[in-house]
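All of the numbers you see were taken from the coordinates with simple rules; none came from a lab. Remember, it's a predicted structure, so these values are computed and weren't measured experimentally. Please note: Cβ atoms are built from the backbone with ideal geometry, for glycine as well, and neighbour counts cover all protein chains shown.
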Amino acid sequence: MSHLASTSAVAVSATGITVARPAGAGAAHIMLAFVWRDFANGGAMTASTGWNPLGSATHSGFAASQINVFWALGDVAALTFSAPAASGNIKADVSAFAGRNLATPIADFKFAEDTVATTSVPSLGATAGADVAASWADFQNATSLGTVPAGYTDRFNDTTSTFHTAIATQDALVAGATGLITRTCANFTAKLAAGVALNAAGGDSTLMGTRIFVNG
């Protein structure tokens, strides 16, 4: 199994956030950070030295709903993410993975948005033995994220903070497209999703990270 560990942090009325390093993460591992906020003033967020931005998305109908995705090697000096302007609530989840291609880890990356109960991440290609990691976030901690998709196991599920988030993984996929990965939330308003495919060390598999953002 390539998933090592996941960590999370919440910052309220803040312009930045720092997250603890996932247990066991080091130079031989890849970390993915999914950072979202309920204010989008000033554009995308930035990260401390060593982090590489994959992209940022703001919901077309709800300008305050934003997700930012980054990757870094597991031994990066700091896990700090900053907003360019204003302040608000920030939630960050970081997951570490083993057995990935350290030189060219990113195989594919896509965003999606929705305003209904279900939100689907666009299908990404996978080869035999691919592992999948999925992360969801809900702006209202009382709103259910719904049942984990078939074949997934929740590794982290935060029901106590301002933001309700979960990370789930699936190991050893068969070759071919992953198909849509869908999770149903009780909240029907602004939701964002991101999918990341990470190359395996031998080029024989991919790993995909997914996150859904809900702003009620």
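Using a 10 Å cut-off around each Cβ, can you sort Lys110, Lys191 from fewest to most neighbouring Cβ atoms?
Lys110, Lys191
Between Thr153 and Ala14, what is the FRET efficiency for a Förster distance of 35 Å, r being their Cβ-Cβ separation, to the nearest 0.05?
0.65
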Residue-wise HN-Hα coupling along region 149-156, computed from phi with Karplus coefficients 6.51, -1.76, 1.60 (Hz; x: Gly, Pro): x, 4, x, 9, 10, 5, 9, 8
Packing-based exposure ordering (other Cβ within 10 Å, fewest first) of Val116, Val148: Val116, Val148
5 angstrom amide H check on Gly99, placed H, neighbours 5+ away: none
Computed over region 1-126: relative contact order in percent, which uses C-alpha pairs under 8 Å that are six or more apart: 37 percent
Protection proxy ranking, peptides 45-58, 22-35, average beta carbon neighbours within 10 Å, highest first: 22-35, 45-58
Highest to lowest packing among 8-21, 64-77, scored as the average C-beta count within 10 Å: 64-77, 8-21
